[in-house]
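Below you'll find the structure, written out as structure tokens, and then a few comments.
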Amino acid sequence: MAPSIAAIPALTLGDALRLALAHNTELASARLEVQAMEAAEIQAGARPNPELGVLVEDTRSATRTTTVQWTQPIELGGKRSARLTAAARAREQALVALQAKQAGLQATVTSAFFELLGAQEQVVLMQASLGLAHNASTIASKRLQAGKVPPLELAKAQVAEAGVRAELIQSQSELQLARQRLSAFWGQTAPNFERAEGNADALPAIPSDREVGERMAQAAVLRVAQLDVARRQALTGIEQAKRIPNPTVTLGAKRAAELGRTQLVVGISVPLPILDSNQGNLLEALRREDQARETVTTVRLQLQTEVSAALEKLRLTRQQVQLLRGEVLTTAQAAYDAAVKGYALGKFAFLDVLDAQRTLFQLRQQVLRSTADAYRAAADIDRLLGQGTGGVDPLQE
């Protein structure tokens with residue numbers, strides 16, 4: 001059942017991140033995995049249990065012999081230490097995987113939040129576009145009444161207005177879907193906020209090469225692979241320690257009824273590793289260790305490739321937005337205003353107005369799409385390299 005969350009009139013990015021970190025089910029599962037590994041580490045430190053045995057010889061009470069003995073296996077070769085090391089590496093792996101999951105969640109929520117901001121701006125844009133289209137229809141209607149244009153031009157204006165109205169309905173539907181996708185990150189099937197509040201015109205910054213290098217060295221996905229090498233080394237140590245047999249010490253008392261006295265029983269047994277020296281398990285552990293090292297190399301190369309691609313996409317989309325927001329949009333707006341004014345004065349054909357209107361709408365939509373692409377690229381970088389928790393403890397419920 002989804003947690004009860006109070007309604008929020010205006011949702012900020014900080015609100016969205018706090019809600020997702022507190023209520024996301026995948027993150028909760030990762031926290032439980034860390035707790036499970038902590039329990040496994042406790043168990044790895046347990047020592048072998050002793051055994052208490054009773055041995056009765058003969059069923060006749062006059063000649064019966066009863067032996068009570070305490071048997072204790074003794075671990076040699078650093079088996080317990082090796083188990084603890086392997087369990088500790090597994091716990092560290094789970095913790096870093098949790099941090100990676102958290103960074104991925106933060107990046108995805110950030111991307112979804114700015115997609116929602118873009119969807120809100122798209123609705124505003126389409127409403128403004130509908131106003132422009134309606135204005136063009138009004139001008140065409142007045143010119144038709146004045147006998148200056150044929151009825152076909154009014155029909156074209158009305159068709160164009162209907163098309164913008166259809167796009168407005170679609171953008172409103174996409175806005176609702178964006179709200180639902182964002183609220184799903186904290187388990188809400190219905191959005192618990194009225195609108196997202198943020199600066200849709202802001203662009204994500206491009207991290208410096210030094211920052212990228214530092215964050216890449218500490219990237220969670222790379223640390224998980226490196227910790228897997230350490231865990232495999234510890235598992236190899238366990239298999240090596242198993243080649244040293246564990247002796248079993250026995251201490252007890254033997255009561256002989258016929259003799260009427262109690263005798264001390266002391267014994268020791270040692271397995272002889274003649275038929276099974278654990279050679280196969282040791283070789284397997286060594287090959288798994290080599291495999292983990294190869295995985296580190298693969299992960300590092302893949303990480304560098306994906307980060308480079310995301311950085312290039314971020315640079316490109318930022319340049320596109322800055323270019324469009326500069327002279328391009330200003331020129332398109334001026335061209336549209338001139339076309340509308342000229343059409344009202346009979347200087348331009350209505351096709352010129354439609355062409356200028358279509359160009360202006362497409363440019364505005366391209367700005368929104370490129371801005372959303374820029375935030376998706378920045379979110380990919382944060383997902384790959386990790387990002388700050390904003391003061392939130394990843395283990396805190």
Rounded to the nearest 0.05, what FRET efficiency is calculated for residue 141 and residue 345 with R0 set to 25 Å and r the Cβ-Cβ distance? 0.95
Using a 1.4 Å probe on the protein heavy atoms only, what accessible surface does residue 294 show? Give it in Å² to the nearest 10. 120
In square angstrom, rounded to the nearest 10, how much accessible surface does residue 83 have for a 1.4 Å probe? 60
Label point distance in nm, residue 283-residue 249, each placed 7 Å from Cα along Cα→Cβ: 3.7
The chain, accessible surface, carbon-and-sulfur percent (1.4 angstrom probe): 55
Report the label-to-label distance for residue 54 and residue 7 in nanometres (one decimal), using points 7 Å from each Cα along the Cα→Cβ vector. 7.2
Want the number for residue 189 to residue 61: 0.36 nm per residue separation, take away the alpha-carbon distance, what's left? 38.4 nm
Which whole DSSP H helices in the chain pass both tests: a Cα extent of 30 Å or more along the axis and a mean Kyte-Doolittle value no lower than 0.0? 79-145, 220-242
Calculate, in nm to one decimal, what residue 269 and residue 15 gain on full extension: separation in residues at 0.36 nm each, minus their alpha carbon distance. 84.9 nm
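What is the extension gain from residue 316 to residue 295, computed as 0.36 nm multiplied by their sequence separation minus the C-alpha to C-alpha distance, in nm to one decimal? Could you put the intermediate results ahead of the total?
Working: separation 21, 0.36 × 21 = 7.56 nm, distance 3.14 nm.
The residue 316-residue 295 span can extend by a further 4.4 nm.
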Between residue 43 and residue 202, take the C-beta separation as r, use R0 = 56 Å, and let me know the FRET efficiency to the nearest 0.05. 0.65
For 126, 216, give the ranking by accessible area with the largest first, probe 1.4 Å. 216, 126
Taking a probe of 1.4 angstrom, what is the accessible area of residue 153 in Å², to the nearest 10? 40
With charges set only on the Cβ (+1 for Lys and Arg, -1 for Asp and Glu), what does the dipole of the chain come to about its Cα centre, in debye to the nearest 20? 280
Less than 15 Å Cβ to Cβ from residue 173, Lys/Arg counted +1 and Asp/Glu -1: what total charge do the surrounding residues give? 0
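The values are calculated or read from the model by the stated rules, or taken from the named source; none is laboratory data. A quick note: this is a predicted structure, and the numbers were derived from the prediction, not measured. All Cβ positions, glycine included, derive from the backbone under ideal geometry; neighbour counts span all protein chains shown. The protein model used for the area step is the full one, side chains on, heavy atoms only, and it has no ligands, DNA or RNA in it. Shrake-Rupley method; radii C 1.70, N 1.55, O 1.52, S 1.80 Å.
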